[in-house]
Amino acid sequence: MKSAYLYIRVSTDEQKRKGYSLPEQEDRLLKYCEYNNIEIKGIYSEDFSAKNFNRPEWKKLIEVLKKRPPGEENNILFVKWDRFSRNIEYAYEMIGLLRKKSTIPIAIDQPIDFSIPERIVMLAVYLSIPEAENTRRALNTINGIRRAKLLGRYPSKAPVGYVNLTGPDGKKYIAPKESDIEAIRWVFEQLAKNCYKFEEIRRMADARGFKCSKSNFWKFIRNPVYCGLVTLSSEPDINQVIKGVHVPIISESLFYEVQDIISSGKKTNSKSEDLNAMFFLKGYLTCPFCNSRIRGSFSQGKAKKYPYYHCFSRCKVRISARLLNENYSKKLQQLMLSKKAIELFEFILEEVNIDLQKVEYLEKRNLLFKQLEEQEIMISRVRKLFVSGKLKFDDFAALKNEYLAIVESLNKERNSVNLKLGSINELSKLESKSFNDIFKKFEILDTPDKKEIVSLFPPQRVNFQTGALFIEPESAISKILLKRK
């Protein structure tokens, strides 16, 4: 051997920075070449796994060998065969490739004389031992991770919304990231409503400051870690879940409600929220002729659509939804709190920290205003790109629809916050007589709040011709309510 290339390798960057393996390998190879009068044509050093030959420095070395004149003998020196490869299949394949290029790989601590056929058995031993070590190490790691999960711990890198921490006892755990908690809850709540497509919700969350790529978002919404569970894979097609020791961000019921929507493939309907808002009495009305459930839908007129509660059967019972909703609201206005209930509410209000709540809602409203301004700036830039011809119409239309969906969501939240701020302002100057109009704001309540009130005060004896109806509070509620004379 007159000349050789030197190859030095460690598995990780940490070994490269903190360990002594690279300098030690290089020193031994240099001394070997000096002792045997071998000319060094190049030194290739890297920190990369040996599970395959997809390594930067090794590729550079192969490119150099390709450019060498055919028939010229070349040698590659390394310390041991595990520096060359830790996969016996890929190792034999690479040795065959090197032989075609008249190149001989040589381990100075584990020399093999390829001219003697029996020595090839030793090569198999040298190559199989590192692979066996890797396999054993992988099994130990898998078993360690499994034991940790059985104890309810999350041993991997923390998912989006969590951070890795170490406790006083030295055990590692994950904790919610304060800045992402509200955003994560918002995402799952929007998914549970099933009013927007997943991608629309991801983009809206991105506009709110919660950054997540498309692929990670899909993993994120399927990960039970957010409801306090840890997945334990016992079999390839069966996932067992363990109660985790970390703090959950959402409830299990909300998580599984989202999973049902994902698994069932229910088509999202952006109009469902508007329909529920208009027909909030649906489910509490029955047909006076066939006793079937009354439904709600819009009827197309000459100029616009008109909402009606109607029966689905042939009896053709129907009434204007706006009329019936208005009559129901008027009936609620006839209810007032009893004197004893007013005294109780006054006592409760003394314990409520109104000022703190007001500050929180003001901060949230300012954040929503800022996000709306950012969306306006963004759509303005998109329009300029479209006008200048730098953006195609299809791309502009898609971005515009996305912008409208985000703005609609932000405006709904802003209106909700404004309503809560208005309620706080009224509470701050509340007097006893104000309790007489407890349902004054019923018409501007959110749909879930309206339905909650309807469940407590269901409409009875509905006249589907005039819209007249009655409200009879339950016995428990009737003890704190009175009807106006």
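Among 302, 66, sorting on how many other beta-carbon atoms sit within 10 Å of each Cβ, with the fewest leading, yields 302, 66.
Would you please classify the overall shape of region 162-264 from the alpha carbon gyration tensor, given that a ≥ b ≥ c denote the square roots of the eigenvalues, rounded means a/c under 1.5, and beyond that prolate means a/b larger than b/c while oblate covers the rest? The partial results should precede the final answer.
Numbers: a/c = 2.03, a/b = 1.28, b/c = 1.59.
Verdict is oblate for region 162-264.
Charge dipole of the chain (Cα centre as origin; +1 on each Lys and Arg Cβ, -1 on each Asp and Glu Cβ, all else neutral): 2060 debye, rounded to the nearest 20.
How would you classify region 3-137 from its alpha-carbon gyration tensor, with a ≥ b ≥ c the square roots of the eigenvalues: rounded for a/c under 1.5, else prolate if a/b is greater than b/c, otherwise oblate? Rounded, because the longest to shortest axis ratio a/c is under 1.5.
So what is the relative contact order for the chain, in percent, with contacts set as C-alpha pairs under 8 Å and at least six apart? Don't skip to the answer; put the middle values down first.
Numbers: 563 pairs, mean separation 47.8, N = 485.
RCO, the chain: 10 percent.
DSSP beta bridges confined to the chain are antiparallel in about 65 percent of cases.
Loop sites here are GluC sites (Glu not before Pro) outside DSSP states H, G, I, E and B with no more than 15 other Cβ atoms within 10 Å. The longest part of the chain free of them is 119-430. Among complete DSSP H helices in the chain, those whose alpha-carbon atoms stretch at least 15 Å along the helix's long axis and whose mean Kyte-Doolittle hydropathy reaches -0.5 are 88-100, 119-150, 178-193, 252-264, 339-351, 354-387, 393-428. Identify, among 286, 50, 94, the residue whose Cα sits farthest towards the positive end of the charge dipole of the chain, taking +1 on the Cβ of Lys and Arg and -1 on the Cβ of Asp and Glu, with the dipole about the Cα centre. About the Cα centre, the residue reaching furthest to the positive side is 286.
Can you figure out the FRET efficiency of residue 312 with residue 343, using R₀ = 45 Å and their beta-carbon distance, to the nearest 0.05?
After rounding to 0.05, the efficiency reads 0.40.
Coordinate-derived values only; no laboratory data. Worth saying up front: this structure is predicted, and the values here are computed from it rather than measured. For neighbour counting, all protein chains shown are included, and Cβ atoms are generated from backbone atoms with ideal geometry for every residue, glycine included.
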